[in-house]
Amino acid sequence: MGVHGEVTAMAFNKMWYTVALGLLLPFSYAHTDFFTSIGHMTDLINTEKDLVVSLKDYIKAEESKLEQIKKWAEKLDQLTDTATKDPEGFLGHPVNAFKLMKRLNTEWGELESLVLKDMSDGFISNMTIQRQFFPNDEDQTGAAKALLRLQDTYNLDTDTLSRGNLPGVKHKSFLTAEDCFELGKIAYTEADYYHTELWMEQALKQLDEGEVSSADKAYILDYLSYAVYQQGDLGKAMMLTKRLLELDPEHQRANGNMKYFEYIMAKEKEANKSSTDSEDQMEQETEVKKKDYLPERRKYEMLCRGEGLKMTPRRQKRLFCRYYDGNRNPRYILGPVKQEDEWDKPRIVRFLDIISDEEIETVKELAKPRLSRATVHDPETGKLTTAHYRVSKSAWLSGYESPVVSRINTRIQDLTGLDVSTAEELQVNSNYGVGGQYEPHFDFGRKDEPDAFKELGTGNRIATWLFYMSDVSAGGATVFPEVGASVWPKKGTAVFWYNLFPSGEGDYSTRHAACPVLVGNKWVSNKWLHERGQEFRRPCTLSELE
C-alpha cells in the first residue's frame, strides 16, 4: 500500500471551507480607528474566532500527517529489524526482494513528498485575507492611551487596573508584566514620564513576584530610571540604574547614565544645594503646574467619579417628577410621558421610557454601517473635523430613511414644543470605544465663533435632546462642570436642556462633557434643535439672561 492513502482529505476540505468563508465575510468597512468604537471591535472578536478555527484545522492536518508518518516508521522499523537479522534469508523470498525495490524506488519518495508537504496553506491564506482588517499601531496606541485616561479619570492605581478589579465587569481579565511594559513604552514615546514610571514599576513588581514572562528586567529598569530622572528624582534614578548594572554590568547606556548622574550630584553638592532643597523646589514647581493645569479638568474628573457638588436640600425640594403631556399636545393628553427634573439651573429634565428597545435596535442597525470617527465643529473654519478630545464614532440618520427615525423626530417636536424641521439630523454616537469620551464643550456657537453653523443657515443650536440607548456598567456619565451636575445613563430615557436663553444669548452653564466609559458599552443619540422656526414657539425676552 502507498504512503499517500487519504492523507488529510477531510482536514483539507474543512480548511479550504474556512478560507472560502473568510472570503465571503461581509466586511462593510476597511480599517478605521477600531479603538474608538466597541461596535466595530466586536467584529474583530469574530475575525479572531475565525482565525482560531482555521488554526485548529491546520493543527489537525499536521497531526494527521504526523500520524501517517509515525505509522509508516513503526511498520518499517519492524520490517528492517527482521530483515537485518538475516538479510540473505529475507531476500531469498522473491516477494521481499520485489517489495524492497518498490519501497526504495517509489514509497520512500512518496514519504519524502508527504514530509515536505506544507499543511499551512489554508491557514496562511485565511490569515492573509483577514490581516487587511486588523487593527494597526494607531489602534494599539489609542487603546493604551484610553487605559491611561481611565486610570486618571477614575483614580485607579496600576495594580487594580492590572488585576482587572473593576466594578461591574462580566469577564475579568488581567495585564501581564509584558502588557504593563508595553503600556509604559507607549507612555514613554508620548514623553509621558509620569505614566511610564507607574507602568514600568508595575511590570517590575509582577516580575519580582515571580510572574513568568518574556519581559526583560534590564529593559524595564532602563526605561524606568530615565522616566524617573526626567521627573527630577535623581536619587531614585541612580538607585534604579545601579540595580540595572547589577543585572548587566556591561550595559553601555546605564554606565554612561551613572557617570552623568554622579556628575550632576557632585555639581549640586558643590553649589551647596541639598537634595531636600531641590525636592522642595520641585514640589513647589509641581504645585504651581497643578494649580495652572485646567481646574475644569479636575472638576470634570470628580463629577465622572460621582464626587460632584451636592445640591442643598432647599434646591432639591424644587426638583419634581411628573406626568407630562407636552403642554396639552393631542398625542399625549390621554397618555402622558414620565418626566423628572435632573437639575434646576440650567434646567435639565429627563424623560423616562421615551424610546423602546425595538426603536433602539432599529436606530443602531441603521447607524452601524455608517459609523465613522465622531467630529466636532472647528471654530476657525466652521467645518467638521476629528479631535483627540472626542473619542467615539457617529452616524447621521434622516427622518425620510426610516419611519422609526421619523417617529422619533415627531416625538421630540411634540414634547419640546420646538420645530424639528430646522434641526440637525439624528446623530447616533456609537458606543464610545475604549475609554471613549467627549471632553467639556458647548453645543452652541459662541460669539467668537460666528461661522460655527453658517453652512446650515438655521441659526444657533437652541437646545439639545439626548437619548440614552444603553445602560453602562461603570462610568459614562454626562457631566456639567460649571454647575456640578452629573446625569447617568439609563437605557430608554432622554435628557433635554436649552443651550440658549430666550434672548438668544448662550447659556454658559450648559458646558458639558461625556465621561469615559470604564466598564461596558455606551450608545447615545442626540438631536440638536436650531433657532430658525422657533420665533413663535419660544419668543425672545427683553432681558439678556432670561
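The values are calculated or read from the model by the stated rules, or taken from the named source; none is laboratory data. This is a predicted model, so every value here is computed, not measured. Cβ coordinates were reconstructed from backbone atoms using ideal geometry, including for glycine residues, and neighbour counts include every protein chain displayed. When the accessible area is computed, the model is the full protein with side chains, heavy atoms only, and any ligands, DNA or RNA have been set aside. Shrake-Rupley method; radii C 1.70, N 1.55, O 1.52, S 1.80 Å.
When you go through 227, 254 one by one, which is the residue that is under 20 Å from residue 204 (Cβ atoms), at pLDDT 95 or above and crowded, with 19+ Cβ neighbours inside 10 Å? Quick ask: steps written out before the conclusion?
Numbers: 254 fails: at pLDDT 95 or above.
Result of the check over 227, 254: 227.
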* Structure fact -> residue 176 fails exactly one of (1) closer than 18 Å to residue 473 by Cβ; (2) at pLDDT 90 or above, namely (1)
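Going by the structure shown, is residue 482 open to solvent by 30 Å² or more (accessible area, probe 1.4 Å) and within 23 Å of residue 152 (Cα to Cα)?
The answer is yes for residue 482.
For the stretch 399-474, list the strands (runs of 3 or more DSSP E) that sit wholly inside it and hold at least 1 residues that are at pLDDT below 95; which are they?
Where strands (runs of 3 or more DSSP E) fall fully within the stretch 399-474 and carry at least 1 residues being at pLDDT below 95, they are 426-432, 437-441.
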* Structure fact -> Filtering the stretch 485-502 down to residues that are aromatic (Phe, Trp, Tyr) and open to solvent by 30 Å² or more (accessible area, probe 1.4 Å) yields 488, 498, 501
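Scan the helices (runs of 4 or more DSSP H) fully inside the stretch 62-170 and keep the ones with 3 or more residues being of a type in the set (A, V, I, L, M, F, W, C) and surrounded by 12 or more Cβ atoms within 10 Å (Cβ to Cβ).
108-116, 121-131, 137-153
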* Residue check, residue 516 open to solvent by less than 20 Å² (accessible area, probe 1.4 Å) and either closer than 26 Å to residue 363 by Cβ or not assigned by the TED database to the domain that holds residue 304 (or both) -> yes
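Residue-by-condition table, conditions (1) out of contact with any strand residue (DSSP E or B) (no Cβ under 6 Å at 6 or more places or on another chain); (2) not in a helix (DSSP H, G or I):
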{"residue": "504", "(1), (2)": "yes, yes"}
{"residue": "509", "(1), (2)": "yes, no"}
{"residue": "513", "(1), (2)": "no, yes"}
{"residue": "526", "(1), (2)": "no, yes"}
* Has the stretch 31-53 got at least one residue that is at pLDDT 90 or above, open to solvent by less than 40 Å² (accessible area, probe 1.4 Å), closer than 30 Å to residue 134 by Cα and not polar (S, T, N, Q)? -> yes
